[in-house]
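Notes follow once the structure below has been shown.
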Amino acid sequence: MNTIFRIANARVIDPASNRDGTGDIWFSGGRIIAPRPGPGVETIDARGLVAAPGLIDLHVHLREPGQSHKETIASATRAAAAGGFTSVVAMPNTSPCADSAATITWIREKAAREAVVNVFCTGAITKGLRGEELAPAGSLHAAGVVALTDDGHCVQNHGTMRRAVEYARLFGLPVMDHCQDYSLVGNGVMHEGSWSLRLGLPGWPRAGEEMIVARNILLAELCDSPIHCQHISSGGSVRLLREARSRGVKISGEVCPHHIALTDAELAAFDSNFKMNPPLRAPEDVEALIEGIADGTLTILCSDHAPHASYEKEVEIDQAPFGITGLETEFAIFHDLLVHKRQAISLPRLIALFTSEPAKLLKLDRGTLAEGSPADITLIDPGLEWTFDKSRSCSLSQNTPFHGHTWRGRAVRTIVAGITAWQL
């Protein structure tokens with residue numbers, strides 16, 4: 001007989017069911033159940049804590065297969081659990097890339113053996129992420145992908161992208177797009193502005209993102225199928241998305257913590273841990289992103305967790321790879337900046353951006369505490385002040401700009417299918 005567990009005295013926040021109040025959560029056999037008082041119940045006292053549906057990060061680079069010197073499925077999912085995440089969505093730019101059912105099957109089978117949280121896979125839009133020939137959407141769907149994306153690359157040919165969206169629609173799959181116009185971005189390594197001029201580094205203009213966001217809006221409207229714009233960084237992109245969404249276009253966008261916590265001025269020290277794609281932008285872009293989150297234009301928060309080995313980052317900044325780690329710090333950054341300091345959104349809305357919103361986009365049976373749903377639960381201490389030490393990270397890589405930063409709010413226990421995957 002399965003043990004019955006009760007999380008007691010928590011502030012239970014479940015945006016999917018509009019629940020917000022002090023109460024209990026009961027689970028057994030890996031599922032949320034109706035209350036079953038009686039002997040033998042194991043109680044977890046969560047007084048002073050928030051109990052939320054397990055957090056979902058829909059933009060994570062697990063690096064396996066082929067890049068296990070950076071990260072593994074085991075280490076990345078441990079980092080996810082330490083950040084309060086019970087589910088991660090893996091990007092396809094592995095080696096080989098996830099453009100075939102065979103690679104998707106390999107990832108899912110390895111995750112079943114080694115992951116401590118749920119791993120959902122995305123499949124590539126095009127073969128080899130080259131932006132030319134479409135990957136087999138049908139067989140990828142049959143293998144279990146939840147979306148298509150060429151993340152890390154962007155399909156430049158609009159006709160090819162149109163066909164990709166149309167094929168994805170046949171299988172009910174959203175398309176997620178890394179918005180980067182190569183002809184405008186060129187060899188840019190940081191935001192094109194006053195700091196790039198001062199530092200003598202090639203600029204990555206806002207228009208390089210906005211051009212593709214505009215393209216995706218037109219295609220989402222033409223094909224009547226959802227396109228999700230990844231890691232939005234530009235205020236102009238926010239304006240484009242706001243107008244399109246007001247007309248009912250099936251377009252959405254996500255925000256990463258570094259794009260609201262940092263600006264391009266950080267590059268003054270030539271530290272490659274501040275180099276990411278899209279780049280850190282100007283203060284006015286930060287304000288536009290926060291406004292977009294507050295008014296509902298931007299509906300999902302995520303990390304774009306992109307680990308790199310130290311020797312890869314410890315080179316000249318224009319030669320270093322783009323990307324930073326983020327699974328262990330993202331919730332704290334967003335909570336500290338958006339809820340605690342700026343009061344731009346409420347705590348229930350923050351939780352929705354990590355649970356019900358990504359679950360809705362990807363049609364996942366997660367992101368809720370409704371009876372019968374998987375017992376994926378995150379316990380959060382919103383008042384806890386803590387400092388991140390990269391040397392204690394669960395990730396194999398330490399390419400973070402947030403070492404030594406202190407925030408308020410942290411997940412303190414992560415429960416996946418009724419089993420504690422991590423506890424502070």
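A compact table of results
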{"quantity": "Three-way shape label, region 197-242, alpha-carbon gyration tensor, a/c 1.5", "calculated": "prolate"}
{"quantity": "Region 168-258 - Rg and Dmax from Cα coordinates, angstrom", "calculated": "14.5, 49"}
{"quantity": "For peptides 197-204, 51-58, 383-390, 124-131, sequence by mean Cβ density within 10 Å, most packed first", "calculated": "51-58, 124-131, 197-204, 383-390"}
{"quantity": "Whole-angstrom gap from region 1-79 to region 387-418, using each part's C-alpha centre", "calculated": "18 Å"}
{"quantity": "Alpha-carbon centroids, region 100-171 and region 229-299: separation in whole Å", "calculated": "25 Å"}
{"quantity": "Flagged links, alpha-carbon separation over 22 Å, of Lys313/Lys390; Lys70/Lys363; Lys275/Lys360; Lys313/Lys341", "calculated": "Lys70/Lys363; Lys275/Lys360; Lys313/Lys341"}
{"quantity": "Phi to ³J(HN,Hα) by Karplus 6.51 cos²θ - 1.76 cosθ + 1.60 over region 312-318, Hz, x for Gly, Pro", "calculated": "6, 8, 8, 9, 3, 4, 6"}
{"quantity": "Cα-based Kirkwood hydrodynamic radius, region 245-363, one decimal, Å", "calculated": "15.4 Å"}
{"quantity": "Computed FRET value (nearest 0.05) for Asn2 with Tyr311, which takes r as the C-beta separation and R₀ as 60 Å", "calculated": "0.80"}
{"quantity": "Convex hull projection area averaged over all views, region 141-300, Cα basis, nm²", "calculated": "9.4 nm²"}
{"quantity": "Length gained when the stretch Ala265-Asp20 is fully extended (0.36 nm per residue, less Cα-Cα span)", "calculated": "84.2 nm"}
{"quantity": "Estimated vicinal HN-Hα couplings, Hz - region 187-201 in sequence order (Karplus 6.51, -1.76, 1.60; Gly, Pro = x)", "calculated": "9, x, 10, 8, 4, 7, x, 5, 6, 5, 5, 5, 8, x, 9"}
{"quantity": "Angle in degrees between helix 283-294 and the longest Cα principal axis of the chain, rounded to the nearest 10", "calculated": "40 degrees"}
{"quantity": "Antiparallel %, DSSP beta bridges [both residues in the chain], to 5", "calculated": "50 percent"}
{"quantity": "Separation between Cα centres of region 342-380 and region 183-227, rounded to whole Å", "calculated": "30 Å"}
{"quantity": "Mean separation of Cα contacts under 8 Å, 6 or more apart, over the residue count of the chain: relative contact order %", "calculated": "20 percent"}
{"quantity": "Rounded tilt (10° steps) of 207-223 against the dominant C-alpha axis of the chain", "calculated": "70 degrees"}
{"quantity": "Contour minus Cα-Cα distance for Leu424 and His405 (0.36 nm per residue)", "calculated": "5.0 nm"}
{"quantity": "For the chain, calculated [θ]222 nm from helices alone, where every DSSP H run of n ≥ 4 adds -39500 (n - 2.57)", "calculated": "-8000 deg cm²/dmol"}
{"quantity": "Nearest 10 degrees, 0 to 90: helix 235-246 Cα axis against the chain principal axis", "calculated": "60 degrees"}
{"quantity": "Positive minus negative residues near Ile73 (Lys, Arg vs Asp, Glu; Cβ under 9 Å)", "calculated": "0"}
{"quantity": "Compactness of the chain as Cα Rg over 2.2 N^0.38 Å, two decimals", "calculated": "0.94"}
{"quantity": "Exposure proxy order (Cβ contacts within 10 Å, fewest to most) of Thr406, Thr86", "calculated": "Thr406, Thr86"}
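Any read-out appearing in this document is the output of simple, stated calculations on the displayed coordinates, not a laboratory observation. Computed from a predicted model, the values in this text were never measured in an experiment. Cβ atoms come from the backbone with ideal geometry, glycine included; neighbour counts cover every protein chain shown.
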